[in-house]
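The values are calculated or read from the model by the stated rules, or taken from the named source; none is laboratory data. Owing to the predicted nature of the structure, the values given are computational and were not obtained by experimental measurement. Note: accessible area is taken over every heavy atom of the protein model, side chains too, but ligands, DNA and RNA are not part of it. Shrake-Rupley method; radii C 1.70, N 1.55, O 1.52, S 1.80 Å.
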Amino acid sequence: MADRKLFTLVAIMIGFSIVLSYTLSAYTTILFGVGEFHFAIRQIIFGILSILTIWVVAQLDPNKHLTPLGFFLFFGSTILMIAMPFLPESFVSAVGGAKRWIKLFGFSIAPVEFFKIGFIYFLAWSFSRKLGHHDDMGLTNEFKRFAPYAVVFIGAMFIIAFVQNDLGQVVVLGLTLLFMLMFAGSSFRFFLSLLLGALAFFLLFIFTAEHRILRIKSWWASAQDTVLSFLPAALANELRVPTEVVPYQIGHSINAIHNGGFFGVGLANGTFKLGFLSEVHTDFVLAGLAEEFGFVGVALVVFLFMWIIKRIFTIANRSIDSHIYLFSLGIGLMLSFAFLVNAYGISGITPIKGISVPFLSYGGSAILASSIGIGMILMASKKVDLEKKL
């Protein structure tokens, strides 16, 4: 295995996720009427499976298996996501009318998690062949060159945002696409144009759905006092919303973080997991971590995560193969954006998007898909110049 440290760091994070799945799910097990170790056992199964997956995928020959695996994830998960709305409820799980999970042997698998890995590989493979330097090309020609990718992304965005009602995944994928374009050789003008266009579409999605408008209002209710204090009183009064719409979840999340202090209240001693934060071991795992392990625990997790990203980016930087460089970079960006979107959401900086923390939140699909991505990076890193120390 080319980079044992990356493998070890990811395994440690997965180990933390197992501990948190047990200690933070105390109330949820009672609410759902399942055993005390229900979520911990499931996370152990997926955790061990994920670690084994990284090891097995990393042993494969990148010249023979990297591209087939990447395209299998891309096309296979795309077909599943398209088919899911038409499958009977006995095969899929629905939340809020959106079918996101496929039931398989007592577990639920989310194809969108595997699609993200495949989509990034498809972009890396294609960008390395079609894109390049933008000298004297002009903005119009850059848009023409990008058009086929825009069609693919819009199609994926429609399936994920409208069919599966999961705008958070679109945000993460969109940001990853934008930065991969820049590193693939597009101009800054083109990058900025796409960024502004993406912001306009994002606002359109928000204002065409009542539940998203309410979510934005709820977030603004918690953030408005800080922001409006810098504005004139007349303008601040116009922008202020009633405080009764302060989001229930964000309020308790911030209180949980505050309650943890520097060292935390101790393992299994958290109180906000007891019905105040719904299923805290999933999207609010960082808030639960902050309460029980304090600033020290959060700092340790952030340090480990940044170390993982640093190893990924180092592999990317050392690669002389442009499509391996872009794929490794894309996976690192996707993991980084997912972590930031979740962290900003649970701390009230941005609206909550329902994005899990990579390798830490409870959930088999997310941890397994991310592990496949890490395994593919380790597989590809065999082609990196290993004479230089990673």
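Residue order by solvent-accessible surface for His258, His252 is His258, His252, largest first, with ligands and nucleic acids left out and a 1.4 Å probe. Of Gly348, Gly363, Gly33, which is the most mobile in a GNM of the chain whose springs link Cα atoms less than 10 angstrom apart? Among Gly348, Gly363, Gly33, the largest GNM mean-square fluctuation belongs to Gly33.
Taking the helices alone, the chain has a mean residue ellipticity at 222 nm of -23000 deg cm²/dmol, built from -39,500 (n - 2.57) per DSSP H run of at least 4 residues and averaged over all its residues. Its residue count N fixes a reference of 2.2 N^0.38 Å for the range 1-127, and the Cα radius of gyration divided by that reference is 1.25. Amide H contacts for Trp101 (H built 1.01 Å from N in the peptide plane; partners 5 or more residues away or on another chain; cut-off under 5 Å): Ser93. For Ser193, the solvent-accessible surface with a 1.4 Å probe is about 40 Å², rounded to the nearest 10.
Normalised by the residues of the chain, what does the relative contact order come to in percent, with Cα pairs under 8 Å and at least six apart? The value is 28 percent. Solvent exposure of the chain, expressed per residue, is 47 Å² of accessible area, with all protein chains present and a 1.4 angstrom probe. Just the number, please: carbon plus sulfur as a percent of the accessible area of the chain, 1.4 Å probe, no ligands or DNA/RNA counted. Answer for the chain is 70 percent, counting heavy atoms of protein chains only.
Computed with every protein chain present, the accessible area of Arg318 is close to 60 Å² [probe 1.4 Å]. The listed residues Trp55, Trp101, once ranked by accessible area (1.4 Å probe) with the largest placed first, stand as Trp55, Trp101. Under a Gaussian network description of the chain, with springs only between Cα atoms under 10 Å, the residue in Phe313, Phe337, Phe201 that fluctuates furthest is Phe201.
Pulled fully out, how much extra length does the chain show between Arg4 and Leu192, if you take 0.36 nm times their separation in residues and subtract their Cα-Cα distance? Extending this stretch completely gives an extra 63.9 nm. Pairs with C-alpha atoms separated by more than 32 Å, drawn from the list Lys99/Lys383; Lys103/Lys382; Lys103/Lys353; Lys103/Lys273; Lys116/Lys382, are Lys99/Lys383; Lys103/Lys382.
The phi-based Karplus calculation (6.51 cos²θ - 1.76 cosθ + 1.60; θ = phi - 60°) puts the 3J(HN,Hα) values of the range 64-72 at 9, 10, 5, 5, x, 5, x, 6, 4 Hz, whole numbers, x for Gly and Pro.
Here the chain was treated as a single set of alpha-carbon atoms; its pair distances binned every 10 Å from 0 give 5, 21, 31, 27, 13, 3, 0 percent.
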